[in-house]
Amino acid sequence: MPSGRTHDRITLWTLPFVAGVTFWQTRSSNVTLLVAGGFMFGGLMFGPDLDIYSRQYQRWGFLRWIWLPYQKSLRHRSFLSHGPIIGTTLRVIYLSCLLAIASFISLVIVEKLGNTAFNWQDLGKNVERSLVGYGTECLALFIGLEIGAMSHSLSDWGGSAYKRVQKKGIHGLIGTSKAKKRKVSSSSPRTKPKPSRKPKL
Ligand SMILES: [Zn+2]
């Protein structure tokens, strides 16, 4: 599996490609910005490796603890974090729930401190309306996040496959049982050190 730095490089190097293809297909700078932004965020901070102590996790800074329950409940590289669509969907739901809880708590505090009363129903309707009204934008962002996460998962799997092939040849990919590591005996006779050449006189 590639290191965090390799993953970052892959994300940054493929960014122009993702942005270019999106713009070519949509002709919309807004959508392109959202897809590219989602791709960056998905690749650098919001990717599958949030299920382990990783660069993505560290980038959340003082907020990184919010991912601890996520890490605790998922095995590293499990289908629920690294799988297509499901990984990003679960992370979006997870983060949205946390954001909802946090905004609910802060609104209650503001209500209590400021002695004001919110119309919670109106608030809910507003949120719903903006989600529906910005459906295309939300979808573009999600697609960006998903491509970012997939570039990660693909390079994880590609990297492992490549290592297997390097170690065991093409059999490593097919997974034949013959491909067990054979121990190379360490006592194999080494070539004798050449006697130092006598200086010509
Ligand atoms: Zn990974």
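The values are calculated or read from the model by the stated rules, or taken from the named source; none is laboratory data. As the structure is a prediction and not an experimental result, all values here were calculated from the model. Note: areas computed on protein heavy atoms with side chains; ligands, DNA, RNA excluded. Shrake-Rupley method; radii C 1.70, N 1.55, O 1.52, S 1.80 Å.
Before moving on, here are some points about what is shown:
- Ignoring aspartates and glutamates fewer than eight residues from K72 along the same chain, the ones with Cα atoms less than 19 angstrom from its Cα are D49, D51.
- Shape category assigned to the stretch 4-172 from the gyration tensor of Cα positions, a/c cut at 1.5: oblate
- Accessible area of R5 (1.4 Å probe, protein heavy atoms only, ligands and nucleic acids ignored): about 140 Å².
- Using a probe of 1.4 Å on the protein chains alone, the accessible area found for Y94 is around 50 Å².
- Where the stretch 48-170 is the region considered: accessible area per residue in Å², 1.4 Å probe: 65 Å²
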